[in-house]
Amino acid sequence: MPATTATPDLFASLVDDVVATGAERVAVPTPATGETHHELPRSTADDVVDAVSRARLAQIAWARAGFAHRRRVLLRAHDLILERRELLLDLVQVESGKTRGQALEEVVQAAAVTRYNALEASRVLKGRRVRAGLPTLVTTRVRYRPKGVAGVITPWNYALSLAAMDVVPALAAGCAVVQKADDQGALSILALRRAFVEAGVPEALWAVVTGSAEEAGEALTDTVDYICFTGSTATGRRIAEKAGRRLIGASLELGGKNPMIVLDDVDPVHAAADAAFGCFSAMGQLCVSIERIYVHRKVAAPFTAALVERLRDPRLGSGLDYGSDFGSLASAAQFARVTAHLDDAIAKGATVLVGGNPRPEIGPWFFEPTVLTGVTPDMDVYAAETFGAIASLYIVDDEVEAVLAANASEYGLNASVLTRSARTAKRVSDALLAGSINVNEAYRGSFSSVAAPMGGVKASGLGRRNGREGLLRFVDAVTVSRATGILQLPRSGADVARLEGPFLLLTRTLRAIRRS
Ligand code: NAP
């Protein structure tokens, strides 16, 4: 078991913060050893309904407290995240099996998202006066009213940063949150929440529930005023159907099969380093990591050699320090999925360029970063998201072939292009169908830009998190028009007839001076 800065008492007290009344507990393993690390309670549907009711009450005061108060609280939470980074890093690693470097990505992201939303919420959501349709007769303002209680459902892979990206803008907008944490991420989320509570977020305003998708997950979608879901496309479709029936809004951050295009003007060694990181950061268990590489024939040989060289002897491990480059797969289920995709591909004729082996001597779910060639449409790994440890390499003859192949997917989450030419980068970016596009990098440019929207097209989702769009999810735009009383609005046919001439004159004048 890895030695952490957290004590068993701390684990126990974090687990106590889950809203759950029943006695049932489930054992949660750590990927480092596969052994039970802690136990979590199961929230029932009644627990979820109760948490939503209490959140609803807490939200009223939070919304009234105003932007300045919320900004102070969130900035204090930001500082606490940084102060507690060692603990948060430990928890993320213990729960996910990722390296410290990848855990740091999460902690930094959580802090950046908190700061962004603390500072930007009032600017984005303060409302504005707009040109009235009946000038002098009425004035018109747009106000943004918090939706109420947002439900947040997050998966196991980036528990801390994904939670922050949905929860913090909801709080900044004046909403309350009830979050269903995945079992393998709940401790990280609870520790993050603890920092926010100590910073001044009322306990009931951000409630965390755990439990089964069938009971806790469904109850959440049935009760909240808005739902943020991150997870698979299959579950996203189900959530969208329910949200549609209830006529509530939803943001859905779903799966991907992200392509990287390597063009013929790159330095093949640098490009291979970018590809290795982009494919196997968090062992490929990141929604925006790369699973398909399209390399130009002219650089294919040196690029492939450099990629193989880089991944031949990977430093695998999940120690609580910066000594490893690649972590573990997160669970037995992930290990089984990766193995199944690999076995299927090999049985149907794919070649393993590098990797391809489990590494049980390091930990039960460790697996070598694996690159395949000769992948064909009949193989599962060709079009389905593996979400771990495997990337496929294809050789293309030109840019057009690369773009067409990259776009030939039901998904459209992230895409990357490596080229020295700014003009080529612009042309290819314009043609790629994805919610984020990274030039000369795999995903970190867009992922770390918390002021920019993040999300997918096609089966990769609906709606956006981060940036202005991430805040606007949590409010209803309300139009407030006020009759000025300077002139009376028409109330009869005779009134309308009298005003028709002046109004036409006004409309033509405004058109002439190009104001409408
Ligand atoms: P998943 O099976 O869809 O589960 C995600 C979460 O949803 C889990 O907490 C799960 O709870 C819960 N859930 C499942 N069914 C539910 C229902 N009917 N109602 C309410 N909640 C329900 O996804 P996963 O396999 O754990 O996560 C990996 C997927 O997430 C990949 O496809 C990946 O690409 C995607 N992802 C996308 C992004 C993004 O930003 N686009 C980011 C990260 C991950 P249980 O654990 O209890 O089943």
Where Lys and Arg each count +1 and Asp and Glu each count -1, what net charge lies around Glu105 among other residues with Cβ under 14 Å from its Cβ? +1
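Helix-only estimate, please: 222 nm mean residue ellipticity of the chain, summing -39500 (n - 2.57) across DSSP H runs of length 4 or more and dividing by its residues, to the nearest 500.
So the calculated ellipticity at 222 nm is -14500 deg cm²/dmol.
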The Cα extents of segment 311-447 along the principal axes, largest first and rounded to whole Å, are 48, 38, 24
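If packing is taken as the mean number of other Cβ atoms within 10 Å per residue, what is the order of 118-127, 51-60, highest first?
Averaged packing, sorted descending, gives the order 51-60, 118-127.
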Among 189-197, 355-363, 476-484, 368-376, what's the highest-first ranking by average C-beta atoms within 10 angstrom per residue? 189-197, 368-376, 355-363, 476-484
Per the 1/(1 + (r/R0)^6) rule, R0 = 51 Å and r from the Cβ atoms of Leu506 and Arg297, FRET efficiency to 0.05 is 0.20
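What is the gain in length, in nm to one decimal, between Ser13 and Arg246 on full extension, counting 0.36 nm per residue of separation less the C-alpha to C-alpha distance?
Net length gain for the segment: 80.3 nm.
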Translational diffusion coefficient, Stokes-Einstein: compute it for segment 75-178 using the Kirkwood radius over C-alpha pairs as Rh, at 4 °C and 1.567 mPa s, and state it as an integer in µm² s⁻¹. 82
Accessible area expressed per residue, segment 1-110, with surrounding protein chains retained (probe 1.4 Å, Å²): 45
How long are the semi-axes of the equivalent ellipsoid of the chain, taking √(5λ) for every eigenvalue λ of the Cα gyration tensor, in whole Å from largest down? 44, 32, 19
Give the long-range amide H neighbours of Val177: residues separated by 5 or more places, or on another chain, with amide H under 5 Å away, using H modelled in the peptide plane at 1.01 Å from N. Ala150, Trp206, Ala207
Among 504-510, 79-85, 409-415, what's the highest-first ranking by average C-beta atoms within 10 angstrom per residue? 409-415, 79-85, 504-510
Between the helical axis of 332-347 and the dominant principal axis of the chain, each derived from Cα atoms, what acute angle in degrees is found, rounded to the nearest 10? 60
Label zone at Ser232, where the point sits 7 Å out along the Cα-to-Cβ direction: segment 374-396 residues whose backbone N lies under 14 Å: 384-388
Longest principal axis of the chain (C-alpha) makes with the long axis of helix 85-96 (C-alpha) an angle, in degrees to the nearest 10, of 60
Once Asp222 and Arg427 are pulled to full extension, the length gained, defined as 0.36 nm per residue separation minus their Cα-Cα distance, is 69.4 nm
Taking segment 257-376 on its own, what percent of its Cα-Cα pair distances exceed 16 Å? 62
Counting only residues 5 or more apart in sequence or on a different chain, those whose built amide H sits under 5 Å from that of Ser251 are Ile227, Cys228, Phe229
From a point 7 Å beyond the Cα of Glu83 in the direction of its Cβ, which residues of segment 199-224 have a backbone N at a distance under 15 Å? 199-201
Note down the nm distance, to one decimal, between modelled labels 7 Å out along Cα→Cβ at Leu57 and at Val269. 6.6
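The values are calculated or read from the model by the stated rules, or taken from the named source; none is laboratory data. The structure presented is a predicted model; accordingly, all values stated were derived computationally and were not measured. So basically every Cβ, Gly included, is an ideal-geometry build from the backbone, and we count neighbours across all protein chains shown. Quick note on the areas: whole protein, heavy atoms, side chains included, nothing else; ligands and nucleic acids left out. Shrake-Rupley method; radii C 1.70, N 1.55, O 1.52, S 1.80 Å.
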